[in-house]
Amino acid sequence: MTKKGVLYGMGNPLLDMTAVVDEAYLQKYDLQPNNAILAEDKHRPIYDELLNENYKVSYSPGGATQNTIRVAQWYLREPESTSFVGCIGQDTFGDKLKSCMKKEDIRTNYLVDPTAPTGVCAVLITGGNRSLVTRLDAANEYKQSHLTTPGTWSLVTDASFYYIAGYFLTVSPDSMVEIGEHAVKENKCFSMNLSAPFLSQFFKEPMKKVLPYCDIVFGNEDEARAFAKDFELNTTDLAEIAKKVAAMPKKNNKRSRIVIFTQGADPTVVFKDNKAKEYPVLPIAAENIIDTNGAGDAFVGGFLAEYVQDKDIETCVNNGMHAARMIIQVSGCTLPEHQ
């Protein structure tokens, strides 16, 4: 049995609104059928239209870290094994997000911003395609002062493992450092994802500040190579990059750093205990792949669900692959009902 709140996640909470629309709707907003963008002002009306016109909208929690925590909780099964913190608005979408997470047995303590709406992602389905339109809004407004309130800090102290996607470097790197400090002091495990190539390029300083706290670093091949370029590691070889990332300065010397790079259908590279190992990915027929968005988040969720139970690295990696495989065969980060 896992202890309550063993895994703590922090990040940008979004509510995914999924609806089937026609081609004309995409054209109206100048959207591509298979694309992901951040919403501009001209896209703002989309969310209200989906809500108020005759569209069948399904809601599910979204955002990278929130999805990882949801996947981990799905595998762990024991209610409230995980917790999640981020910023939402004081609105219907925020309430929906809270009720979705409650239904999935995840403990949350959202900061509620009275002035900004909850971050949402419109998932517009046309045939087999999906167009994603995201607005961060309240997710961008998280304040470090909320982290030290008793309601949030108790979730931090209850946990033994922490996971924060790199996207949060653009919001509150100081919150990440504060959790990192706690993890070092208590010899708990802190993990981060490189998340996107633009982060090591444009948010290099905050990333530099947080990296020394990281016991596990996750990323995909593009993020790893972008990191290697921005941090001048002078190699494009994934195993070599992993080795160099593992050797970077580290605050907690009681744990050696593990570095894990996924690369789609190609083998996952794991650097641990001074050696790199490749784990082949189970092949999957192209016609069974519905949507690869969220595969990386799912991999981390599956991996951590085993890691928090002290399983060996091979078991953790295989479960991560199982999770990614499950998620790419559905639209969005949709978790099946347990049988």
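Quick notes on this structure:
- Selection from region 52-72 of residues that are free of Cβ contacts under 8 Å to residues at least 60 places away in the same chain and open to solvent by 10 Å² or more (accessible area, probe 1.4 Å): 52, 53, 54, 55, 56, 57, 58, 59
- Condition check for residue 279: touching an Asp or Glu at 6+ places or on another chain (Cβ under 9 Å), modelled with pLDDT of 95 or more, among the aromatic types (Phe, Trp, Tyr) and over 25 Å from residue 202 (Cβ atoms): yes
- Among the residues of region 192-233, the one identified as closer than 21 Å to residue 324 by Cα, of a type in the set (A, V, I, L, M) and more than 16 Å from the chain's Cα centre (by Cα) is 224.
- Only listed residue being in contact (Cβ under 8 Å) with a residue 60 or more places away in the chain and hydrophobic (A, V, I, L, M, F, W, C), chosen from 298, 242, 246, 286: 298
- Qualifying residue in region 234-256 (condition: buried (at least 17 other Cβ atoms within 10 Å of the Cβ) and either at pLDDT below 95 or of a type in the set (Phe, Trp, Tyr) (or both)): no
Quick grid of which residues meet (1) among the hydroxyl-bearing types (Ser, Thr, Tyr); (2) over 27 Å from residue 114 (Cβ atoms):
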residue: 30; (1), (2): no, yes
residue: 51; (1), (2): no, no
residue: 69; (1), (2): no, no
residue: 72; (1), (2): no, yes
residue: 81; (1), (2): yes, yes
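- Verdict on residue 205 being open to solvent by 40 Å² or more (accessible area, probe 1.4 Å), more than 30 Å from residue 313 (Cα to Cα) and either of a type in the set (D, E, K, R) or not in a loop (DSSP other than H, G, I, E, B) (or both): yes
- Out of 142, 163, 213, 167, sole residue that is out of contact with any strand residue (DSSP E or B) (no Cβ under 7 Å at 6 or more places or on another chain) and among the aromatic types (Phe, Trp, Tyr): 167
- Output for region 188-205, where each listed residue is farther than 20 Å from residue 303 by Cα and out of contact with any Gly (no Cβ under 9 Å at 6 or more places or on another chain): 197, 198, 201, 202, 204, 205
- Flag if residue 312 is acidic (Asp, Glu) and over 30 Å from residue 125 (Cα atoms): yes
- Test: residue in region 114-136 that is hydrophobic (A, V, I, L, M, F, W, C), in contact with a Ser or Thr (Cβ under 9 Å, 6 or more places away or on another chain) and under 29 Å from residue 3 (Cβ atoms): no
- For region 20-35, the condition of being within 29 Å of residue 145 (Cβ to Cβ) and either open to solvent by 10 Å² or more (accessible area, probe 1.4 Å) or not hydrophobic (A, V, I, L, M, F, W, C) (or both) holds for none of the residues.
- For region 145-169, a residue qualifies if it is within 14 Å of residue 209 (Cα to Cα) and more than 14 Å from the chain's Cα centre (by Cα), but none of them does.
- Among residues of region 5-22, those that are part of a strand (DSSP E or B), over 13 Å from the mean Cα position of the chain (by Cα) and either under 9 Å from residue 124 (Cα atoms) or at pLDDT 95 or above (or both), counted: 5
- First in region 1-20 and on the phi > 0 side of the Ramachandran plot, second anywhere and in a strand (DSSP E or B) and open to solvent by 20 Å² or more (accessible area, probe 1.4 Å), Cβ under 8 Å, 6 or more apart: 5/107
- Residue check, residue 87 crowded, with 22+ Cβ neighbours inside 10 Å and out of contact with any helix residue (DSSP H, G or I) (no Cβ under 9 Å at 6 or more places or on another chain): no
- When residue 228 is tested against (1) in contact with a helix residue (DSSP H, G or I) (Cβ under 6 Å, 6 or more places away or on another chain); (2) of a type outside the set (Ser, Thr, Tyr); (3) assigned to a helix (DSSP H, G or I); (4) under 30 Å from residue 16 (Cα atoms), exactly one condition is not met: (4).
- Test: residue in region 221-233 that is open to solvent by 40 Å² or more (accessible area, probe 1.4 Å), modelled with pLDDT of 95 or more and farther than 24 Å from residue 65 by Cβ: yes
The values are calculated or read from the model by the stated rules, or taken from the named source; none is laboratory data. All of these numbers come straight from a predicted model, not from anything done at the bench. Neighbour counts run over all protein chains shown; Cβ positions are idealised from the backbone, glycine included. Just so you know, the surface numbers come from the protein's heavy atoms only, side chains and all, with ligands and any DNA or RNA stripped out. Shrake-Rupley method; radii C 1.70, N 1.55, O 1.52, S 1.80 Å.
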